[in-house]
1. Could you identify the single residue in Val113, Val104 that is touching a Gly at 6+ places or on another chain (Cβ under 7 Å), touching a residue at least 40 places away in the same chain (Cβ under 8 Å) and hydrophobic (A, V, I, L, M, F, W, C)?
2. Does the range 27-71 hold any residues that are surrounded by fewer than 18 Cβ atoms within 10 Å (Cβ to Cβ) and either in contact with a Cys (Cβ under 9 Å, 6 or more places away or on another chain) or of a type in the set (S, T, N, Q) (or both), and which are they?
3. Would you tally the residues in the range 145-164 being surrounded by 23 or more Cβ atoms within 10 Å (Cβ to Cβ) and either without any contact (Cβ under 8 Å) to a residue 60 or more places away in the chain or touching a Lys or Arg at 6+ places or on another chain (Cβ under 9 Å) (or both)?
4. Name the residue, out of Met193, Met199, Met235, that is among the aliphatic types (A, V, I, L, M) and farther than 21 Å from Ala106 by Cα.
5. Picking from Glu12, Glu41, Glu7, which residue would you name as being assigned to a strand (DSSP E or B), out of contact with any helix residue (DSSP H, G or I) (no Cβ under 6 Å at 6 or more places or on another chain) and either charged (D, E, K, R) or on the phi > 0 side of the Ramachandran plot (or both)?
6. Just one of Glu213, Glu239 is at pLDDT 95 or above, within 22 Å of Ala96 (Cβ to Cβ) and charged (D, E, K, R); which is it?
7. Only residues that are in contact (Cβ under 8 Å) with a residue 40 or more places away in the chain and assigned to a loop (DSSP other than H, G, I, E, B): list them for the range 45-58, please.
8. What's the number of the only condition in (1) out of contact with any helix residue (DSSP H, G or I) (no Cβ under 7 Å at 6 or more places or on another chain); (2) over 19 Å from Asn23 (Cβ atoms); (3) not hydroxyl-bearing (Ser, Thr, Tyr) that Gly110 fails to meet?
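The values are calculated or read from the model by the stated rules, or taken from the named source; none is laboratory data. Since the structure is predicted, the reported quantities are computational estimates derived from the model, not experimental observations. Don't worry about glycine lacking a Cβ; one is built from the backbone with ideal geometry, like all the others, and counts go over all protein chains shown.
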Amino acid sequence: MPYTPTEHVLVEQEGAVVTITLNNPEMRNAFLDDMHHAMREIWWDLSEDDSVRAVILTGAGRAFSAGGDIPSFIKSYEDNEYRRKSLRGARRLMEAQAEFPKPVVAAVNGPAVGLGCNLALLSDIVYIAESAFLADTHAAIGLVCGDGGAVFWPLFMSMLKCKEYLLTGDRIPAQKAVELGLANHAVPDDQLMVEARKMAERLASLPHQAIQETKRALNLHIQDYILRAAPFALMAESESFTTDDIVKTIEKFTAK
């Protein structure tokens, strides 16, 4: 396997299935800079490895991922160049995952928020633990939903429901996520990895050319949404960092 695991992104292969584990449990798997980079690169590496037929994506500890981390958020406010690179990276991550041809099964073991939520939703089949929830809280803290929610959620669910959850940032419990079309199966917490692995192994055993090219055809719809909506959404998210609302959010974060 050409990809080298890092401290914060673990990669384990068992047979034809690779498990990617976001591994920053002390921060609820919030994305550090090295995690952003690793998750952009890993999809290309795994696509080139013929021994890999399916992927499981999950988080270490009690969360799937809390999304962006607070220091990076503050740095994006203070440093224009860092913000520019960060948001370009966010688009590359969306594109890389949407282009990945092999089936990805998300095992959402706990809260999946912001970027974490959208990583899960760019998978192909989503299993969510009954105690977990999804949320995109960008707008609630003063940011445009640039790196996922406003880009491709409308492909998965009612536009009216999409607006409700993106504008409010409300949590979407596991069973509600299934009802809305944001997850396939809500399962007992202790059965999550068992069920996710069963599905990954089943997909890995099927004719790989048919599976991969069918996924490519389906993901053209997602790629079209990214192409049309991401440039504006990310530009608007960048502008969010110049607003008074962001100053208020940073003050709240630093006070904690």
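1. Details: Val104 fails: touching a Gly at 6+ places or on another chain (Cβ under 7 Å).
Answer to the selection: Val113.
2. Result: Ser47, Ser51.
3. Residues that pass the stated criteria total 6.
4. After ruling out the rest, the residue left standing is Met235.
5. Values: Glu41 fails: assigned to a strand (DSSP E or B); Glu7 fails: assigned to a strand (DSSP E or B).
From the options Glu12, Glu41, Glu7, the qualifying one is Glu12.
6. Details: Glu239 fails: within 22 Å of Ala96 (Cβ to Cβ).
None of the others qualify; the one that does is Glu213.
7. Residues of the range 45-58 in contact (Cβ under 8 Å) with a residue 40 or more places away in the chain: 45-49, 51-58.
Within the range 45-58, Glu48, Asp49, Ser51, Val52, Arg53 meet the criteria.
8. (2)
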